[in-house]
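The block underneath contains the structure these notes are about, expressed in structure tokens.
The values are calculated or read from the model by the stated rules, or taken from the named source; none is laboratory data. Every value quoted in this text rests on a predicted model; they were computed, and no experiment measured them. Cβ atoms come from the backbone with ideal geometry, glycine included; neighbour counts cover every protein chain shown. Note: accessible area is taken over every heavy atom of the protein model, side chains too, but ligands, DNA and RNA are not part of it. Shrake-Rupley method; radii C 1.70, N 1.55, O 1.52, S 1.80 Å.
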Amino acid sequence: MSNYHIKSFEEYFQVYRKSIENPEVFWEEIAEEHFTWRKKWHNVLSWDFTKPEVKWFEGAQLNVTENCLDRHLSTRGDKTAILFEPNDPNASAEHITYKQLHERVCKFANVLKSKGIQKGDRVCIYLPMIPELAISVLACARIGAVHSVVFAGFSATALSTRVNDCDAKMVITSDGSYRGAKTIDLKGIVDDALEDCPGVDAVLVAKRINSDINMKTGRDHWLQPLLDDAYGDCVIEIMDAEDPLFILYTSGSTGMPKGMLHTSAGYMVYSAYTFKNVFDYRENDVYWCTADIGWITGHSYIVYGPLANGATTVMFEGVPSYPDFGRFWDIVEKHKVNQFYTAPTAIRALAKHGTELVEKHDLSSLKVLGTVGEPINEEAWHWYNENIGKKKSPIVDTWWQTETGGIMITPIPFSTPTKPTYATLPFIGIQPVLMDENGKELGDNQVDGRLCIKYPWPSMARTIWGNHQRYKDTYFSAFENMYFTGDGALRDEVGYYRITGRVDDVIIVSGHNLGTAPIEDAINEHQAVAESAIVGFPHDVKGNALYGYVTLKDSGENRDHDNLRKEINQLITDRIGPIAKLDKIQFTNGLPKTRSGKIMRRILRKIACNEADQLGDISTLLNPEVVDEIINNAI
Ligand code: WT7
């Protein structure tokens, strides 16, 4: 028997050791005993981080949806697969059983085929958190199409950039979406985006808010009539282990967003295995991850991981603040949620509103609490532990990335003793190392470690879509023969890891990964702007907020600065989305630069964080005189 479900700290160590000493034997057992294969692999793993190239389960054939749906039909056909909780608290929840989900995915898959989608084609999904989102993802996987979900809070420009980068043939969207008391015109955004996307020849539109929208003849199709006419069974496309499953974009410190490519077998095995153990999922549990499927958290831990385990996974359409800040706890009580997985920023926002709304609800069903997306501060950790978990539910602080596909550093609940702000120990099969700036491996309790992983794991991204060189440069060039995460970390004397934050120019705002470059590009489009630089500074709810330093072409005294600030934030909203708006904008006469002309963000960061007294030596700057002026006018 393989160790599919770890039940004690001793067992964790035992299994961990096995997974490191003999990774191929270990993963082969997990894969063999817990998944359905059409053909077995001839090689468990081949890898070379210098190329880089990684292949898991080579030679195997499978379909991920057979594992997520078909194989459960005989034993769990009437069990709820997806429990959909709509935005409107008075509308009833929808329980979609495995049988129903299977049928709806098959119908959707047949619709995709009827519109010409074939194995390997890219399909862009731009939908709110409604069942059609999960169903369309699975429908793509069923026929071997590569889905690329774009979070439906992104702007038209951000959408068209992603559609074009992956050369999607089709976009799936809805007329609009609900967001608390507001509605959003999604189809209008898609129409704008597609002005710049000549490669898209079909748009499928789900009806959600019954708004009056434009349907472009020949291109746009209402989804429901097509589904009504579609046949309720669809044979699986048989996929090779390393065939692409999906592309998901994530921000880099510079340039275009990176289309991380995940492949079929390894991703499925690792997302399923981590789900089972990190949340200690048991057969009749109700599991809820509050993320959006537009992010990797939703891919791995709303859709693929839970469904591969035959779990009941909650999908919530709304926001934590509607109709009030008690909504999460209302849902936990109503559906007797057992595992609850959210982001530190949500915890901080809820904590701000006190415990009154928490105490109104029965949270006794909760067994495991999770967090993800950014370091959780001590105060938020204790609030979560005391008020939500009542000190009885272990908190799993899970560190991972879009690139890693699944959870990498985490406690195992009821096994690993937790420690606030520590993600604790590597998950089974994961071999982290801390490196210093010069490529030397660090020991325990040393500062400024860069977190790297020195051995492949099944769900690692295989490339950046269309740009393998960038994949190599970004992740495999900083340290020899290692995957570099971009995060700083330290390890304590018992081996627990604490993630300290990004060491590059990526800033995490409310758990969203934002690269500075695209935001600066958006600002620089303003005709009055000469140049700009963005840094992060601590924010009590968002974790980090954005501080922009903007130099104007003509710094005339009589400029209306407040109006300029509004215009700049509007540009950012249009180009990226409201999540990237700046909290503070300071107009400057110049930005500190090195002699080679590079903006010294380190200095700007210190100033934004009110640490101007710790600037260190600035005499080597090209223009040290601008620094005083910036400090004096800091906001
Ligand atoms: C970055 C990845 C993985 C799902 C959500 C984010 C930060 C993530 C933690 C954590 C400290 C964390 C890292 C990482 N991060 N989880 N538990 N503790 N930092 O995915 O958008 O690809 O962002 O999020 O900085 O590199 P992502």
Looking at segment 165-175, is at least one residue open to solvent by less than 20 Å² (accessible area, probe 1.4 Å) and without any contact (Cβ under 8 Å) to a residue 40 or more places away in the chain?
yes
Return yes when residue 142 is buried (at least 19 other Cβ atoms within 10 Å of the Cβ), farther than 28 Å from residue 579 by Cβ, touching a Cys at 6+ places or on another chain (Cβ under 8 Å) and charged (D, E, K, R) and no when it is not.
yes
I need a count of the residues in segment 592-635 that are assigned to a helix (DSSP H, G or I) and exposed (fewer than 10 other Cβ atoms within 10 Å of the Cβ).
3
What pairs come up if the first residue lies in segment 89-109 and is farther than 29 Å from residue 181 by Cα, the second is small (Gly, Ala, Ser) and in a helix (DSSP H, G or I), and their beta carbons are under 7 Å apart, counting only those six or more places apart or on different chains?
105/139; 108/136; 108/139; 109/139
Go through segment 394-415 residue by residue and tally those that are open to solvent by 10 Å² or more (accessible area, probe 1.4 Å) and within 14 Å of the ligand (Cβ to nearest atom).
6
Pairs with Cβ under 9 Å, 6+ apart, first in segment 618-633 and in contact (Cβ under 8 Å) with a residue 24 or more places away in the chain, second open to solvent by 70 Å² or more (accessible area, probe 1.4 Å):
620/595; 621/595; 622/595; 622/596; 626/589; 629/589; 630/589
Of the residues that make up segment 444-454, is at least one modelled with pLDDT of 95 or more, crowded, with 17+ Cβ neighbours inside 10 Å and within 11 Å of the ligand (Cβ to nearest atom)?
yes
Looking at 320, 306 in this structure, which one is closer than 22 Å to residue 84 by Cβ, open to solvent by less than 20 Å² (accessible area, probe 1.4 Å), touching a helix residue (DSSP H, G or I) at 6+ places or on another chain (Cβ under 8 Å) and away from the ligand (no atom under 12 Å from the Cβ)?
306
Tell me yes or no: at least one residue of segment 325-342 is in contact with a Ser or Thr (Cβ under 8 Å, 6 or more places away or on another chain), under 20 Å from residue 81 (Cβ atoms) and of a type in the set (D, E, K, R).
yes
Only one of these is among the hydrophobic types (A, V, I, L, M, F, W, C) and open to solvent by 10 Å² or more (accessible area, probe 1.4 Å): 522, 461, 530, 423. Name it.
530
Could you figure out which of (1) open to solvent by less than 20 Å² (accessible area, probe 1.4 Å); (2) in contact with a Gly (Cβ under 6 Å, 6 or more places away or on another chain); (3) within 16 Å of the ligand (Cβ to nearest atom) isn't true of residue 511?
(1)
Pick from segment 219-238, criterion of a type outside the set (A, V, I, L, M, F, W, C) and assigned to a loop (DSSP other than H, G, I, E, B), ranking: most open to solvent (accessible area, probe 1.4 Å)
231
Answer residue from segment 266-295, given it is among the β-branched types (Val, Ile, Thr) and open to solvent by 10 Å² or more (accessible area, probe 1.4 Å) and is farthest from residue 400 (Cα to Cα) among those
286
May I ask you to say which residue of 76, 122, 71 is in contact with a Phe, Trp or Tyr (Cβ under 6 Å, 6 or more places away or on another chain), touching a residue at least 24 places away in the same chain (Cβ under 8 Å) and not aliphatic (A, V, I, L, M)?
76
Could you pull out the residue among 216, 187, 113 that is assigned by TED's automatic domain parsing to the domain that holds residue 264, over 24 Å from residue 304 (Cα atoms) and part of a helix (DSSP H, G or I)?
187
Restricting attention to segment 448-466, which residues are within 21 Å of residue 296 (Cα to Cα) and in contact (Cβ under 8 Å) with a residue 60 or more places away in the chain?
456, 457, 458, 459, 460, 461, 462, 463, 464, 465, 466
Can you tell me which residues in segment 360-373 are more than 16 Å from the ligand (Cβ to nearest atom), open to solvent by 30 Å² or more (accessible area, probe 1.4 Å) and within 26 Å of residue 281 (Cα to Cα)?
361, 362, 364, 367
Here's a check for you: in segment 27-53, which residue that is open to solvent by less than 30 Å² (accessible area, probe 1.4 Å), within 13 Å of residue 266 (Cα to Cα) and aromatic (Phe, Trp, Tyr) is farthest from the chain's Cα centre (by Cα)?
41
Is it true that some residue in segment 119-138 is open to solvent by 10 Å² or more (accessible area, probe 1.4 Å), among the acidic types (Asp, Glu) and either closer than 18 Å to residue 195 by Cα or in a helix (DSSP H, G or I) (or both)?
yes
Are there any pairs, at least 6 apart or on different chains, whose C-beta atoms fall under 7 Å, with the first in segment 328-345 and within 17 Å of residue 398 (Cβ to Cβ) and modelled with pLDDT of 95 or more and the second in a helix (DSSP H, G or I) and open to solvent by less than 20 Å² (accessible area, probe 1.4 Å), and if so, which?
340/332; 341/301
Kindly evaluate residue 376 against the criterion of being touching a residue at least 12 places away in the same chain (Cβ under 8 Å), away from the ligand (no atom under 11 Å from the Cβ), under 19 Å from residue 289 (Cα atoms) and not assigned by TED's automatic domain parsing to the domain that holds residue 120.
no
From the list 392, 472, pick out the single residue that is more than 30 Å from residue 31 (Cβ to Cβ) and of a type outside the set (A, V, I, L, M, F, W, C).
392
